[in-house]
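Heads up, the thing below is written out as structure tokens.
Derivation of every value follows stated rules applied to the coordinates shown; laboratory data play no part. Worth saying up front: this structure is predicted, and the values here are computed from it rather than measured. Ideal geometry is used to build each Cβ from the backbone, glycine not excepted, and the neighbour counts take in all protein chains shown.
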There are 2 protein chains.
Amino acid sequence: MPRVKDKVTIYDVAKMANVSPATASRVLSGSNYPVKEALRKRVVEAAKKLNYSPNMLARSLKSNTSNDIGVIIPTISNPFYSSVILGIEKEADKRGYNLLLCNTFRDVEKEKRYLQSLYEKQVKGVIISTLGARNIQEYIEKGLEFVLLDQKIDNLECSFISFDCFKGAYMAVEYLIQNGHRKIAFVSSPLTKWTRKETFKGYKAALSDNGIAVEEEYFLIGSHEEEIDEEGFEFKNGKEMADEFIKRKLDATAVLAVNDMTAFGFIQQMYLHGKRVPDDISVIGFDDISFARMFSPPLTTVQYPAYEVGRLAAMLLLDKLSGNNHSNMSVNLHPKLIIRDSVKPLA
Amino acid sequence: MPRVKDKVTIYDVAKMANVSPATASRVLSGSNYPVKEALRKRVVEAAKKLNYSPNMLARSLKSNTSNDIGVIIPTISNPFYSSVILGIEKEADKRGYNLLLCNTFRDVEKEKRYLQSLYEKQVKGVIISTLGARNIQEYIEKGLEFVLLDQKIDNLECSFISFDCFKGAYMAVEYLIQNGHRKIAFVSSPLTKWTRKETFKGYKAALSDNGIAVEEEYFLIGSHEEEIDEEGFEFKNGKEMADEFIKRKLDATAVLAVNDMTAFGFIQQMYLHGKRVPDDISVIGFDDISFARMFSPPLTTVQYPAYEVGRLAAMLLLDKLSGNNHSNMSVNLHPKLIIRDSVKPLA
DNA sequence: TCAGTTTTAGATATCGATTTCTGTATGATG
DNA sequence: CATCATACAGAAATCGATATCTAAAACTGA
């Protein structure tokens, strides 16, 4: 059992440097209160000699600050969210903040508990991707700052970062049309999220704006809800929709998937039914997760800049916390079509 | 600007319930100090009425405890680590702990800063995947508990969780041999990590134990170091090694990749060179990240149970922190070959 | 030179909890 | 009924920092 050394506090430093704890604190906490150079030096040296580490709990308690921010997402196992987190972490680290990571698995109760826990930990800001934003207002009133991802909620005083899924889907479908496709199906998990609904709308709008009938038969939309905690749900759903495609004997030549994972599942299962992508059917994904380019065929997809979303969210939040910026804003990121090899032009 | 309500403290609760703060604390913190039922009820009701939330900073400061644990990994954007994190989070949440997530990007300086920061936040335990464990000893002496992933360091008083990469590679190569392959290459990024070295050893051992000459020509091992912060490094390296394979005009019929990402890169690039997997060449990956089964062809690979690693790490750490268990241990997880479609039996 | 600033150091209160210490009321014991 | 242990409540100290308040010293300027 290693002997644990006694913790050295600011009092120890002060004593060694022969100054008051107040002075030691002023030097060590980077306060702008003036301290004579001689004393300052003594304090710094004593701190070094004693290998002093400040106790952040005490500092935060007294000064009512925090250098942690909360991040609440459905699940880190979704590569889209891991990119978001990466962006947040990069920016947060740059400014000396740490991340408290919370996975809700889309469980409202879990989300509630996490919010409360973050509040109790005196976190001042939270970046959250939530389904039901019911509880958030309560914490805004308590003084927490929020940045919401992928969700627009009126009357909520916080910043929003969203992505123009409508336009993304629209662009994707137009690209298919330009490539000669007119029978285009839409593959998705249930339209429970705002983003998915927008994507669906964009798909339909692009079709009708181009004089193509919107046929319900081409809606391959999963019906059973995602189960809490289930991994690979989107992938599985994509496979099921491929089965459904075959069952319905659809003649679509192209498909827009609501996200890349769905596209992967769809493509793999179509392969089992003897249909190749892009030779027999073209597929466009959505998100551009890093595997999209590793897939075979490399997936043509709408880029949802997850890393950028994370970075922006952190910037907005931390600017607010540091008082650099007081106004809330809605940032809408524009889609970009990444053309790879999963779409074949029709003759 | 929403008016922020004044924070309600335990003193407010005590006053409303007409008891001393001491009594209120005993009720609200779940202490086992006896409190008469009548008072207890008054306290609970007052807390509810005032919507009281304890200040964890104050609680932790006074009681010298923490319900945060630190997690230090190279990068969350690697799906292997996101699974590890998921396992940790699940177990931690179950026991009321939160995660402080730190991505080092294999930067030793960053790791140092994070360790210090976690220590200052009074975290009591850290799960870490580190390259250089030099600094860890110092924090062990300061009383921190560690669980190390993928690393064995002698004379370090902490628990280890590792994976038998040697055996995993050995099993994979034997499987190839059973399928008639005798010319088997090894594809890898530089052997800077302990796990990669073990994998390489296992590959060589399996060959020689089966009376197959170990030929240096078949070592397709990247030479340039991973750059800090680079995403998709393993994938890119896999592609480069495919180019190298062609350049060397190798006649290998099968390949063992050091991890799945490398395998993906290799397979994609070989495809560009006109070689199909598994028809022209068989490939076995390593890790079984969730994309392995979504890939085409679904990848035969050695399962490295990342989620389980995370869960175990959290269990060991939290058992220790809660005093349930005082001894350190080394847990070695056994490999399992997941057979899918990327290996073809030779006639 | 002396009143009035300004600069700088230290004593002390404070953040919001828990915990120890003290003391009273109650119950058990012989 | 006296004695002693036990149950329970509250006062006050404490965790480790920062911030406020007080005051001495140094510096102004008329």
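With θ taken as phi - 60° and the coefficients 6.51, -1.76 and 1.60, list the Karplus ³J(HN,Hα) couplings across the stretch A:233-239 in order, rounded to whole Hz; mark glycine and proline as x.
In residue order, the calculated couplings are 4, 4, 4, 4, 4, x, 5 Hz.
With the cut-off at 1.5 for a/c, could you classify the protein assembly as shown from its C-alpha gyration tensor as rounded, prolate or oblate? It would help to have the intermediate numbers written out before the result.
Numbers: a/c = 2.15, a/b = 1.38, b/c = 1.56.
Oblate shape, in that a/c is at least 1.5 and b/c is the bigger or equal ratio.
Sort the stretch B:126-246 into rounded, prolate or oblate with this rule: let a ≥ b ≥ c be the square roots of the eigenvalues of the Cα gyration tensor; rounded if a/c is under 1.5, and if a/c is not under 1.5, prolate when a/b is larger than b/c, oblate otherwise. Working shown, then result.
Values: a/c = 3.18, a/b = 1.70, b/c = 1.87.
Here the stretch B:126-246 falls in the oblate category.
Mind listing the phi-derived Karplus ³J(HN,Hα) values for the stretch B:282-288, rounded to whole Hz, using 6.51, -1.76 and 1.60 with θ = phi - 60°, and x for any glycine or proline?
Residue by residue, the stretch B:282-288 yields 9, 9, 10, x, 8, 2, 6 Hz.
Using a 10 Å cut-off around each Cβ, can you sort A:Leu312, A:Leu333 from fewest to most neighbouring Cβ atoms? Each step should come with its number before you reach the end.
Numbers: A:Leu312 20, A:Leu333 17.
Ordered from fewest to most neighbouring Cβ atoms within 10 Å, A:Leu312, A:Leu333 come out as A:Leu333, A:Leu312.
Per residue of A:260-269, how many C-beta atoms from partner chains lie within 10 Å of its own C-beta, taken as a mean?
Numbers: counts 1, 3, 0, 1, 5, 1, 0, 2, 6, 0.
Averaged over the peptide's residues, the number is 2.
Using θ = phi - 60° and the Karplus relation 6.51 cos²θ - 1.76 cosθ + 1.60, list the HN-Hα couplings for the stretch A:45-51 in order, rounded to whole Hz, with x at every Gly or Pro.
Per-residue couplings from phi come out as 5, 4, 4, 5, 4, 8, 6 Hz.
Over 18 Å between Cα atoms, which of B:Lys201/B:Lys236; A:Lys7/A:Lys121; A:Lys15/A:Lys62; B:Lys247/B:Lys275; A:Lys94/B:Lys193; A:Lys183/A:Lys236 qualify? Let's see the in-between values first.
Numbers: B:Lys201/B:Lys236 23 Å; A:Lys7/A:Lys121 23 Å; A:Lys15/A:Lys62 21 Å; B:Lys247/B:Lys275 14 Å; A:Lys94/B:Lys193 27 Å; A:Lys183/A:Lys236 24 Å.
Table pairs above 18 Å Cα-Cα are B:Lys201/B:Lys236; A:Lys7/A:Lys121; A:Lys15/A:Lys62; A:Lys94/B:Lys193; A:Lys183/A:Lys236.
Compute the label-point distances linking B:Gly132 to its equivalents in the other copies; points lie 7 Å from Cα along Cα→Cβ; give nm, one decimal, shortest first.
In ascending order, 5.1 nm.
Nearest 10 degrees is fine. How inclined is helix B:194-209 to the longest principal axis of chain B, computing both from alpha carbons?
Helix B:194-209 sits roughly 40 degrees off the main axis of chain B.
Tell me, A:Asp12, A:Asp6, B:Asp93 in order of fewest to most beta-carbon neighbours within 10 Å? Please list the in-between numbers first.
Numbers: A:Asp12 17, A:Asp6 7, B:Asp93 20.
In order of increasing Cβ crowding within 10 Å: A:Asp6, A:Asp12, B:Asp93.
On a 0 to 90 degree scale, rounded to 10, what angle separates helix B:306-321 from the longest Cα axis of chain B?
Roughly 40 degrees between the two axes.
Share of antiparallel DSSP beta bridges in the protein assembly as shown, in percent to the nearest 5? Display every interim value, and only then the final one.
Numbers: 9 of 77 bridges.
Once the DSSP bridges in the protein assembly as shown are tallied, antiparallel ones form about 10 percent.
B:Asp68's amide H: which non-local residues (gap 5+, or another chain) put their own amide H closer than 5 Å, with H modeled 1.01 Å from N in plane and none for Pro or chain starts?
The answer is B:Asn98, B:Lys124.
When chain A is treated as a GNM, springs tying every alpha-carbon pair under 10 Å, which of A:Arg42, A:Arg311, A:Arg248 comes out with the largest mean-square fluctuation?
Greatest mean-square fluctuation among the candidates belongs to A:Arg42.
Which is farthest toward the positive dipole end of the stretch A:22-139 among A:Leu101, A:Asn32, A:Asn78, measuring Cα position about the Cα centre, with Cβ charges +1 (Lys, Arg) and -1 (Asp, Glu)?
Of the listed residues, the answer is A:Asn32.
Take chain A, connect every pair of alpha-carbon atoms lying under 10 Å apart with a spring to form a Gaussian network, then pick out the residue of A:Leu318, A:Leu100, A:Leu118 with the largest mean-square fluctuation.
Result for chain A, Cα springs under 10 Å: A:Leu100 fluctuates most.
Tally the DSSP beta bridges in chain A and give the antiparallel ones as a percent, rounded to 5.
Numbers: 3 of 37 bridges.
The antiparallel proportion sits near 10 percent.
Hey, can you grab everything whose amide H is under 5 Å from the amide H of B:Val302? Only 5+ residues off in sequence or another chain; H modelled, so Pro and N-termini drop out.
Those qualifying (amide H under 5 Å, at least 5 residues apart or on another chain) are B:Gly285, B:Phe286, B:Asp287, B:Asp288, B:Ile338.
Along the positive direction of the dipole of the stretch B:146-209 (beta-carbon charges: Lys, Arg +1; Asp, Glu -1; about the Cα centre), which of B:Ile153, B:Tyr170, B:His181 reaches farthest?
Going by the charge dipole, the pick is B:His181.
What net charge do the residues around A:Asn98 carry, taking every other residue with its C-beta under 13 Å from that of A:Asn98, with Lys and Arg at +1 and Asp and Glu at -1? Please report the intermediate quantities before stating the final value.
Details: positive: A:Lys90, A:Lys94, A:Arg95, A:Lys121, A:Lys124, B:Lys110, B:Arg113, B:Lys121; negative: A:Asp68, A:Glu89, A:Glu91, A:Asp93, B:Asp68, B:Glu120.
Residues close to A:Asn98 contribute a combined charge of +2.
How large is the charge dipole for the stretch B:165-305, taken about the Cα centre, if only the Cβ atoms of Lys, Arg (+1) and Asp, Glu (-1) carry charge, to the nearest 20 debye?
Values: 16 positive and 22 negative charges, 100 e Å.
The calculated dipole for the stretch B:165-305 is roughly 480 debye.
So if I take the centroid of the Cα atoms in the stretch A:249-291 and the same for the stretch A:39-117, what is the distance between those two points in Å?
40
Scan around B:Leu333 for amide H atoms under 5 Å from its own, H built in the peptide plane at 1.01 Å from N, and keep only partners 5 or more places away or cross-chain.
B:Ser162, B:Phe163, B:Asp164
With springs only between Cα atoms under 10 Å apart, run a GNM on chain B and tell me which of B:Lys15, B:Lys197, B:Lys249 wobbles the most.
The residue that fluctuates most here is B:Lys15.
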